[in-house]
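What follows is a single structure, written as structure tokens, with notes after it.
The values are calculated or read from the model by the stated rules, or taken from the named source; none is laboratory data. This is a predicted model, so every value here is computed, not measured. Note that each Cβ is placed from the backbone with ideal geometry, even for glycine, and that neighbours are counted across all protein chains shown.
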Amino acid sequence: MSVLRGLSLLVAALFVAGCATSLPPVADTRSCAVYRTFYATVSEDWGRTLAVRTVPFSRNDDWPTGPDTFDRDTGETRTEDWDGETFEVPIREEFALDTNSYFRALTDGESRSLQGCFEGAQAEPDFFDGSARWLAARNWLRGGGRHVAQAGLWRLSPAGFSADGRYALIYAEYDCHGWCGGGSFYLFEYRGETWVLAGDRWVWIA
């Protein structure tokens, strides 16, 4: 009996150790700063669930190279009527920036853990890592009253940086278990010792 007990304890210890080391290395400090800025920017509108590790962007025929144009808010708004309601919609403008020199980092970068990036951060995600992705949506909707878009599971790519360190680029997409989804490139600029969202380029939406 004591032998069996010892074996069971050993198996349990090995299981715990395996779980503790199952995540890839944490993203580097500079990338973590970009991920925190991204998440603080989108979490208020799109919910809190975030994948636990980065997933490289799959280069395809539509995006064989990095985006060279982005959209950004001008700080002005216009009024639009939709379904009997009036909304203030931000006015956006397009600007050009070639990101191809650091686009490869998004596609070839190794998977990195995101959990360590948010320790002590003001906006901390609810991390999720598993094949049953619908659980993330179901758990959020169970709280009652949440818009379905707020049940999204975000996945982020590795970050690419310009040679001068001024710009950073990531690809991010969300999945609302079939109700909605989308993906975009997000461009960040380093201003005054902090990363700021400078623009985005839509890739797909469902």
Would you check if there is a residue in the stretch 67-88 being hydroxyl-bearing (Ser, Thr, Tyr) and crowded, with 19+ Cβ neighbours inside 10 Å? no
Taking the stretch 121-142 and keeping residues part of a loop (DSSP other than H, G, I, E, B), of a type outside the set (Gly, Ala, Ser) and either surrounded by 13 or more Cβ atoms within 10 Å (Cβ to Cβ) or at pLDDT 95 or above (or both) leaves Glu124, Pro125, Asp129, Arg133
Kindly indicate the residue of the stretch 7-47 that is farther than 11 Å from Leu114 by Cα and part of a loop (DSSP other than H, G, I, E, B) and also modelled with the highest pLDDT among those meeting that condition. Ser22
Failed item in (1) of a type outside the set (A, V, I, L, M, F, W, C); (2) more than 30 Å from Asp28 (Cβ to Cβ); (3) not in a strand (DSSP E or B), with Arg92 passing the rest: (3)
Please determine, by comparing only the residues of the stretch 48-88 that are farther than 20 Å from Phe185 by Cβ and part of a loop (DSSP other than H, G, I, E, B), which one is modelled with the highest pLDDT. Val52
Pull out all pairs, ordered by first then second residue, where Cβ-Cβ is under 7 Å, the residues are six or more apart or on different chains, the first lies in the stretch 116-137 and is farther than 13 Å from Val52 by Cα, and the second is in a helix (DSSP H, G or I) and modelled with pLDDT under 60. Ala137/Ala151
Every residue from the stretch 89-120 that is at pLDDT below 85 and surrounded by 14 or more Cβ atoms within 10 Å (Cβ to Cβ): Gly109
